[in-house]
Amino acid sequence: MSTDLKEPIGAEVPRDRAKRLLAGRGRFVDDISLPRMVHMAFLRSPYPHARIRGIDTSAAADMPGVVRVVTAADLADVVSTWRPLHNRFPTMAAPEQGVLATDTARFQGEAVAAVLAATRAQAEDACEAIVIDWQALAQVGDVATALTPGAPRIHEEMSSNLAFEAEVVAGDAEAALANADHVVERTFRFHRHTGVSLETRGILAEYDPTERRLTVYQSHQTPHQQQDLYARLLGLPEHKVRVICPDVGGAFGVKHHLYPDELAACAAAVLLGRPVKFIADRVESFMTDVHCRDHEVHARMGFAADGQIVGLAIEDRFNAGAYGQHPRSSVAEGNQITRLTGAPYRLENYAAKLKMAFLNRGILGHIRAVGHPIAAAVSEALIELGAKELGRDALDLRRQNYLRDSDFPLTSAGGVAFERLSFTQCLDKALSLADVGAFRQEQAALRAKGIHRGIGFNTFVELTAIGPEYYGEGGQHISAQETCLLRMEASGQVRIHIGTTDQGQGIDTGIQQVVAGVLGIPLDDIEVISGDSALSPMGGGSWGSRGAALGGEVAMRAARTLRLNLLSMAGFLLQKSADDLDLVDGIVVDRQHGTAHMSTADLAKIGHFRPYTLPSDLPSDLTVTARYASRDRMFIAGNGIQVAIVEVDTGTGLVRPLRHLVVHDCGRVLNPLLVREQIRGGVVQGLGSALYEEFRYAENGALLNASFADYLVPMAAEMPDIEVAHVTTPTETSELGAKGAGEAGLAGAVGAILNAVNDAISPTGAFLTEVPLTPPRILEAINRVAQIE
Amino acid sequence: MKAPDFRYLKPKTLPECLSLLAEHGDLAQVLAGGQSLMPLLNLRLAAPAVLIDINGLSELSGIREADGSITIGALERHEEIAQSAIVRQRLPLLADAAPHIAHIAIRARGTIGGSVALADPAAEWPACCLALGAEIELASTRGRRRVAAADYFQGLYTTARQADELVAAIHFPPAAPNAVHAFREISRRRGDFAIAGLALAALRTGETLHNVRLAFFGVSDRPILASNAMAALEGRPLGASMIEAACKALGAELSPPEDPAYPAAYKRQVATTLLARILGDLQAELLDA
Amino acid sequence: MLDDNNTRIALTVNGETVTANVPARLNLADFFRHDLGLTGTHVGCEHGVCGACTVLVDGKLARSCLMLAVQSDGARVETIEGADASGRITKLQQAFHRRNALQCGFCTPAMLLTVGELLRVNPKPSRDEVRDWISGNLCRCTGYQAIVDAVMEVSA
């Protein structure tokens, strides 16, 4: 550990920004209004697939308050269409999409026309008055149907609905499975859900035609990405496009994509020369926010008689929805599954096949823990099945097969380069906290009374802080490097301008801590300015658990430069070697004896107002920048294990989570309070995936539960307390040694609950493989076994 | 989504309100607590031309006992009913049911009259009305009438109320000294509408139950009495074989509608579980007492 | 804008008298946010389920998306801005801050008003009682535990 990484790095520091949020003084997009602002509402397709034979907007145009009604044709001169290409997947189909549908609507909720009016209510009134001549088309709602020859095609420009297929191969999985002493095989189904930020998507776009200046306030994770997209798609000079992300009410991956309706609001602002506000309502959110999961994974795992895993083969069938998601494309979830399944284990023979189809459904994107929960749940359910087959204890079987310290670094069978992961240490720690023996005794005693409790373990790998190769080679303008600008004011107080953003995770606070620790100044003397594409240096925003690992590292590097400058100034002024000085609590002190010499503020004043007192070649800049991109491998990987204890009511199928434990390794922990809360929040989202969250569709493809009354999310009464413990294996990729922590909770919770439920109902002989584990699915599985017997 | 436009009328007296209802009929919606109507408006699933806000009508408030019945005014909020001393002593089934209704902010505002007027098949109050043999008092410019709960709830969001009528009050027979009751529901999350629920009311003599009424909710297009299961329990000491017989009868007589989230077979099984559990607990209670 | 479907209302908001001319269909949450500039009240669903718009109307918790502005005529209402200024929730705010019982902060104003009301009617709740009381307030970030911890800390 470097000597300048001192407190408050690693301390439980609460967040500055929380104070204004607690006072009701947060500033979210819909809290902002501008003069002459108009509200935008969209007429959306009620059909999952339909031809648009005509649009009559004349009645709508005459409605009270209406400023303008627009269709695709009206915006065609203002904004371009796009194709979500990704050069790492050159065979992936990327059909064209625009802000509004032209001749065909391909999913329910696709925007077809829009009204700009004085109030949102008036805009909605007028939307109801737009007359569309629809011709319903056959809709395709599942991958099997979509890939059947002769199936209705979703994109006429394509010869089939197959969007992408790929294989990941190591060794010879088929031969290994054929020769295995035991093979377990199941098909797993993970249903479609979404991220559900409490604040819906929203945008306020202001355009000044005299300067060709577009200023956008948006609830978003990636302001620079949006700046680039808006500039290119609207044909505006990039330096005149500014995207400001104020307080963002939750994002979870929902808000780092391009959305046609949001771009349409920008286009309308350009068209009208007036500010345009669009705030998605909850129904629009459910229909049009990117969705996630919706995978069917067929998996086979082979074991030697001694328990060694000899081969693993999976086939993942999923879909992109109706279009590819822009600009990141929709491949990643399947790609992660094919790369991460079986990842914790020594595995020489591996084969993963992936097929992605287009469907008449909402677009799938990157929601928190992309692919991770599925890869882990499949792997760990197979281990449990294997243990049963072998008559082995499943924890022993894991231990036997885990990658060990001596195996690292390695490139996994799935093709991911791992630096060092700590599976055995995490399991040991989990077992020290969860008394499995006592649980098994209690479980047996309760079963005699008809109470069914179960324990589930789930080992997971967490890919964080992706490097620039993925999108760089892919051809997307998505920054995976990070830049930090530090400016020390004359008071000695510091502003940090950084490209990461903070939606409540506490990234700003972690960065503040790093700079405070390196510069030896109080936290209160530091402010982080993020989320503004004009004020923040180019960076990637926040997604994929990159904030602490990349933002923390680049802030540390910038702070070290500033520190060196301050010490060299002090060294000159005090006529001492800079090496003999240190910065502590805003004071320049003697490194050995701690004697105070002068304040950092004194140095700042000299630097700003009396620079002539310093030699011109002395490093004395008080505004410094640093840039960082991880270089050694694609991801900075972390890992962990989750343990869930649940009770299953076999009379109703209801599952009650009783206890939940997470042991996690994210390297150096910058702020244990914030990491713990990140993980708890992620676990509860994972419990949502495992137990509740699922879009349901009617036979005709209509979405049945686009409201909070019918789409269930975890609420307080049903959720357990969650214990969090750490194993610390710092990454050596960076000097700070921090790995990301945002995916872990969700990545591990789903499989832990799946295994716990299956353990609870094991006396019935049922074994569930369909998530979420709804009460009807649980009872049906138990009933099915009972009928067979 | 924002509510569609409507005319807002707030009558100051009940007669004025009834005149407005007579005048506007089907084009009007009555706004009581608004906890169901406002979501429908905000989702544009309801588009009344006129909204008649009855919150100013003090005649519709209050919980009173008179003439051998307990009258709960239509505007009584769920939480007021839960906290009412009369209800706790004389209608304990309602006191047990109230905490199951949604969440505190909803209970503080939503009304029993609104719940009975809407007649959601998964709602608690309609089932309690049915279990206790309550009468719904309907008022219009044509006069007042009382309709027995069993006749009032007629189908999915469908009741005996005519377009010009207002639910004015609900009249409950108070619990007899030898009354027993039970209330239980199965829901995914606290405060959700029930997947299946049961309000039970009966009289007891020792361990024998009489006048058994099992009002199930969430399992049909309206709250329903499980007559065959009731008959299986009637006039016999409550024991394991009775419970089994009642559950069997219930399984045979229930035919829940198919629901995309909860298949009919599932609902039937859950309702049966519910009955077995509620009767098991009741049996223990009867033995204890 | 004059509209024959507008109604004049007078109410007390956070202790101040407010008069306004409101369209019939305007809900109370939008009235607070866009007419009065009280943007601490948040709108998360407009169907009364997420709880983010919860305020106090005549001393009782209410979903402001499920009330019309015109219905607040004559009422005494309190939003997060008023509760914050009054100092009566300071201990809760501090405990939420210390324990990081909020992340994005969107649910937070309503959550504070809701648990403030709990502590008024039940000063010593159990953890289960806290969870039950906030079971109608969606928080998507924290997983709820820190919120429960913060309330327990203040109640102790």
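The values are calculated or read from the model by the stated rules, or taken from the named source; none is laboratory data. Small disclaimer: the values here were computed from a predicted structure and weren't measured. Positions of Cβ are backbone-derived with ideal geometry, glycine not excepted, and every protein chain shown enters the neighbour counts.
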Could you check A:Leu754 against (1) within 14 Å of chain B (Cβ to nearest Cβ); (2) in contact (Cβ under 8 Å) with a residue 24 or more places away in the chain; (3) not aromatic (Phe, Trp, Tyr) and say which number it fails? (1)
Check on B:Ile224, surrounded by 19 or more Cβ atoms within 10 Å (Cβ to Cβ) and in the same structural domain as B:Ala102 (by TED's automatic domain parsing): no
Would you confirm, using the coordinates I've provided, whether A:Gln400 is under 29 Å from A:Val436 (Cβ atoms) and modelled with pLDDT of 95 or more? yes
Search the stretch B:1-30 for residues being facing chain C (nearest Cβ under 10 Å) and closer than 25 Å to A:Ala41 by Cβ, and hand back the single one that is surrounded by the most Cβ atoms within 10 Å (Cβ to Cβ). B:Ala3
Among residues of the stretch A:500-522, those that are of a type in the set (S, T, N, Q) and within 19 Å of the chain's Cα centre (by Cα), counted: 4
The residue that is nearest to the other protein chains (Cβ to nearest Cβ), considering only those in the stretch C:73-92 that are without any contact (Cβ under 8 Å) to a residue 40 or more places away in the chain and part of a loop (DSSP other than H, G, I, E, B), is C:Ile89
Checking the condition within 20 Å of the chain's Cα centre (by Cα), in a strand (DSSP E or B) and closer than 25 Å to B:Leu156 by Cβ, which residue from B:Ile106, B:Ile72 passes? B:Ile72
Of those in the stretch A:228-248 that are under 21 Å from the mean Cα position of the chain (by Cα) and closer than 16 Å to A:Asp208 by Cβ, the residue nearest to the other protein chains (Cβ to nearest Cβ) is A:Ile244
From the options A:Glu770, A:Glu732, A:Glu694, A:Glu699, residue that is over 27 Å from C:Arg127 (Cα atoms), touching a helix residue (DSSP H, G or I) at 6+ places or on another chain (Cβ under 8 Å), acidic (Asp, Glu) and more than 14 Å from chain C (Cβ to nearest Cβ): A:Glu770
Hey, B:Gly197 more than 14 Å from B:Asp281 (Cα to Cα) and outside any loop (DSSP other than H, G, I, E, B) or not: yes
Is it true that C:Gln103 is within 9 Å of another protein chain (Cβ to nearest Cβ), in contact with a helix residue (DSSP H, G or I) (Cβ under 7 Å, 6 or more places away or on another chain) and not in a loop (DSSP other than H, G, I, E, B)? no
Those residues of the stretch A:13-38 which are more than 9 Å from every other protein chain (Cβ to nearest Cβ), closer than 26 Å to A:Ala251 by Cβ and among the charged types (D, E, K, R), in sequence order: A:Asp16
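Looking at the structure I just gave you, is A:Val675 within 27 Å of A:Gly737 (Cα to Cα) and assigned to a strand (DSSP E or B)?
no
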I'm checking my understanding of the structure. Among residues of the stretch C:128-147 that are part of a helix (DSSP H, G or I) and within 14 Å of chain B (Cβ to nearest Cβ), which one is surrounded by the fewest Cβ atoms within 10 Å (Cβ to Cβ)? C:Asp128
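Taking helices (runs of 4 or more DSSP H) that fall entirely within the stretch B:222-289, which contain at least 1 residues that are modelled with pLDDT of 95 or more and touching a strand residue (DSSP E or B) at 6+ places or on another chain (Cβ under 7 Å)?
B:227-233, B:264-288
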Under the condition of being touching a Leu at 6+ places or on another chain (Cβ under 7 Å) and on the phi < 0 side of the Ramachandran plot, which residue from the stretch A:464-492 is surrounded by the fewest Cβ atoms within 10 Å (Cβ to Cβ)? A:Arg487
Matching residues in the stretch B:238-267 - criterion: being more than 26 Å from B:Thr208 (Cα to Cα) and more than 10 Å from every other protein chain (Cβ to nearest Cβ): B:Ser255, B:Pro256, B:Pro257, B:Glu258, B:Ala264
Find the residue count for the stretch C:15-35, including only residues that are closer than 20 Å to C:Leu56 by Cβ and crowded, with 19+ Cβ neighbours inside 10 Å. 10
Do you know which residues across the stretch B:83-107 are within 13 Å of another protein chain (Cβ to nearest Cβ), surrounded by fewer than 19 Cβ atoms within 10 Å (Cβ to Cβ) and in contact with a helix residue (DSSP H, G or I) (Cβ under 8 Å, 6 or more places away or on another chain)? B:Pro99
Restricting the stretch C:53-86 to residues that are among the small types (Gly, Ala, Ser) and under 14 Å from C:Leu38 (Cα atoms), the residue that is surrounded by the fewest Cβ atoms within 10 Å (Cβ to Cβ): C:Ala85
How about the stretch A:409-491: which helices (runs of 4 or more DSSP H) wholly inside it have at least 3 residues that are of a type outside the set (Ser, Thr, Tyr) and more than 27 Å from the chain's Cα centre (by Cα)? A:423-433, A:436-447
Name every residue in the stretch A:608-629 that is among the small types (Gly, Ala, Ser) and in contact with an Asp or Glu (Cβ under 8 Å, 6 or more places away or on another chain), in order of residue number. A:Ala629
Taking B:Leu75, is it under 16 Å from B:Pro174 (Cβ atoms) and buried (at least 24 other Cβ atoms within 10 Å of the Cβ)? no
State yes or no: is A:Leu746 over 22 Å from A:Glu12 (Cα atoms), more than 23 Å from the chain's Cα centre (by Cα) and buried (at least 20 other Cβ atoms within 10 Å of the Cβ)? no
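Would you list the strands (runs of 3 or more DSSP E) that sit entirely within the stretch B:116-194 and hold 3 or more residues that are surrounded by fewer than 16 Cβ atoms within 10 Å (Cβ to Cβ)? It would help to see each step written out before you state the result.
On the way: elements: B:135-140, B:143-148, B:153-155, B:166-172, B:179-186.
So the answer is B:143-148.
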Does at least one position in the stretch A:101-123 carry a residue that is over 18 Å from A:His155 (Cβ atoms), at pLDDT 95 or above, in a loop (DSSP other than H, G, I, E, B) and of a type in the set (A, V, I, L, M)? yes
